[in-house]
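Asks: Right, I'll just put the structure down here and ask away after.
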Amino acid sequence: MIRQLIYLINIIFLPLIGQSQIIPEITARVDTTETSVKEVYTCFKGYINSKPDSLYENPFWNKNESYTLVENGMNCNRSVWTMFRGFNNSTDFYDVYHPKILSIERIEINRFLLRVIYNNCTEGYEKHNPVYITRLYAVKNKDGEFKLENTLEYDTRNWRKIRYKFITYFVSPTSHFDKQKAREGIKFCQKAAKKFNIKKIQPFIFYITNDSEEMGRLFNFEYWLSYSTGITNVPTREIFSAFGVASYPHEFVHMILSPLITNYENTNMLINEGVATWCAGPTLDETYDSALESFSNEIRDNDTLTIDDILTSKYRNKYDNNPLYLIGAVICSMVYEKKGIEDVIKILNLTLNELRRELPIIMQKESWKQVNSEIFEYIRNYNSH
Ligand SMILES: [Zn+2]
């Protein structure tokens, strides 16, 4: 009986003595005396205080959407896929980036658009602000309750939808669908699959947007300081491109090779990005050869550089990840030359520590240090002509 009583007391008091609630600020434009606006505000407040970082069906989110995404191992809120990175949890994130609601606007009878700005409140970071402006929908369900929704489905409902072989293209109104480019993309995928002995390419979706802002909106970002121009999300079988063209070989490689990766938790970014860069260049507008040649010129006189300097970002480019991607690509190309495709697949499935141990053996070197020397020597002497 006593134990039960303690349990009850815990249930009643724990939430009160636990962490304090995060109260989102509002701008003068948000009129919470209006009933629906107040309800949307309450829904958002409930959401950010209900473990938005956790992989579960958040009670403040659209049920169908959260069910499907969580089933696929993804958080129900697409912006969370990138926002909380580098933080232990959402509470730590909101401590630094306090949410401020810019506007709650009705866009349809039961649909509201909620825009929230996130500024880094740490002293000295002011010049980076804002870091994000997110946009979410709050939609009233049949029980009269507001639930949050990602913008992707509603915003792409009128986009041109084309199916060709194993790709379903969603083409934004500002992008042009070029059949020839689509054919080239399909051919590239088939060639990549053949190279890696993959028998059948599983279908996937390809969102073609015209710039990174338009692409960001599909991830609920109206503005993202650290933006992206290509994203592949294997669990939902989606590729996003900001280049407005019907082909994106680098991202295709990530998708095509996904069945070869046995455990994504264990894999390493160096070889994952390396293999895509080796097959298709670091991004859509740069080939492997030309990127490697520039990198070769860049480091020709630097004889102290190590792979670890690049892995730890001690050496990096300001606006791209080319050094990391190209080191990975060179490793893949050398392993392929020495051992063949099976060993490239093998290193794709290693953790970084395992790679440090295995790579010298695969490359017939005595140590990781010797692997370093061989790779940098190859890059410094690289000339595509
Ligand atoms: Zn990539």
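Asks: For the range 271-385, which fully contained helices (runs of 4 or more DSSP H) count at least 2 residues that are of a type in the set (Asp, Glu) and without any contact (Cβ under 8 Å) to a residue 24 or more places away in the chain?
Replies: Per the criteria, 307-311, 341-348, 352-362.
Asks: State all residues of the range 50-99 that are over 30 Å from residue 129 (Cβ atoms) and basic (Lys, Arg); if no residue qualifies, say none.
Replies: Answer for the range 50-99, where residues must be over 30 Å from residue 129 (Cβ atoms) and basic (Lys, Arg): just 63.
Asks: Here are 325, 336, 319: which of them is closer than 21 Å to residue 358 by Cβ, within 16 Å of the ligand (Cβ to nearest atom) and aromatic (Phe, Trp, Tyr)? Walk me through it before giving the result.
Replies: Details: 336 fails: within 16 Å of the ligand (Cβ to nearest atom); 319 fails: closer than 21 Å to residue 358 by Cβ.
Testing whether each residue is closer than 21 Å to residue 358 by Cβ, within 16 Å of the ligand (Cβ to nearest atom) and aromatic (Phe, Trp, Tyr) leaves just 325.
Asks: Then there is this: Condition first: in contact with a Cys (Cβ under 8 Å, 6 or more places away or on another chain) and either surrounded by fewer than 13 Cβ atoms within 10 Å (Cβ to Cβ) or assigned to a helix (DSSP H, G or I) (or both). Now tell me which residues in the range 56-97 satisfy that.
Replies: 65, 66, 69, 70, 96
Asks: Taking into account only those residues within the range 229-239 that are free of Cβ contacts under 8 Å to residues at least 60 places away in the same chain and within 12 Å of the ligand (Cβ to nearest atom), which is farthest from residue 181 (Cα to Cα)?
Replies: Restricting to residues being free of Cβ contacts under 8 Å to residues at least 60 places away in the same chain and within 12 Å of the ligand (Cβ to nearest atom), the top hit is 234.
Asks: Out of the range 224-235, which residues are within 27 Å of residue 67 (Cα to Cα) and either in contact with a helix residue (DSSP H, G or I) (Cβ under 7 Å, 6 or more places away or on another chain) or surrounded by 18 or more Cβ atoms within 10 Å (Cβ to Cβ) (or both)?
Replies: Within the range 224-235, 224, 228, 230, 231, 232, 233, 234 qualify.
Asks: What's the number of the only condition in (1) free of Cβ contacts under 8 Å to residues at least 40 places away in the same chain; (2) surrounded by fewer than 16 Cβ atoms within 10 Å (Cβ to Cβ) that residue 242 fails to meet?
Replies: Unmet for residue 242, out of (1) free of Cβ contacts under 8 Å to residues at least 40 places away in the same chain; (2) surrounded by fewer than 16 Cβ atoms within 10 Å (Cβ to Cβ): (2).
Asks: Can you tell me which residue within the range 274-313, out of those that are hydroxyl-bearing (Ser, Thr, Tyr), away from the ligand (no atom under 11 Å from the Cβ) and more than 25 Å from residue 353 (Cβ to Cβ), is surrounded by the most Cβ atoms within 10 Å (Cβ to Cβ)?
Replies: Among residues in the range 274-313 that are hydroxyl-bearing (Ser, Thr, Tyr), away from the ligand (no atom under 11 Å from the Cβ) and more than 25 Å from residue 353 (Cβ to Cβ), the one surrounded by the most Cβ atoms within 10 Å (Cβ to Cβ) is 288.
Asks: Right, next: Any idea which of 48, 23, 17 is outside the structural domain of residue 222 (by TED's automatic domain parsing), of a type in the set (Val, Ile, Thr) and modelled with pLDDT under 95? Steps first, answer last, please.
Replies: On the way: 48 fails: modelled with pLDDT under 95; 23 fails: modelled with pLDDT under 95.
Sole residue among the options that is outside the structural domain of residue 222 (by TED's automatic domain parsing), of a type in the set (Val, Ile, Thr) and modelled with pLDDT under 95: 17.
Asks: What is the number of the single condition among (1) over 30 Å from residue 160 (Cα atoms); (2) modelled with pLDDT of 95 or more; (3) aromatic (Phe, Trp, Tyr) that residue 240 does not meet?
Replies: Of everything listed in (1) over 30 Å from residue 160 (Cα atoms); (2) modelled with pLDDT of 95 or more; (3) aromatic (Phe, Trp, Tyr), residue 240 misses just condition (1).
Asks: Still on this structure, I have one more. How many residues are within 10 Å of the ligand (Cβ to nearest atom) and either touching a residue at least 40 places away in the same chain (Cβ under 8 Å) or of a type in the set (S, T, N, Q) (or both) when one looks only at the range 253-270?
Replies: Number satisfying all stated conditions: 2.
The values are calculated or read from the model by the stated rules, or taken from the named source; none is laboratory data. All values derive from a computational prediction rather than experimental measurement. So basically every Cβ, Gly included, is an ideal-geometry build from the backbone, and we count neighbours across all protein chains shown.
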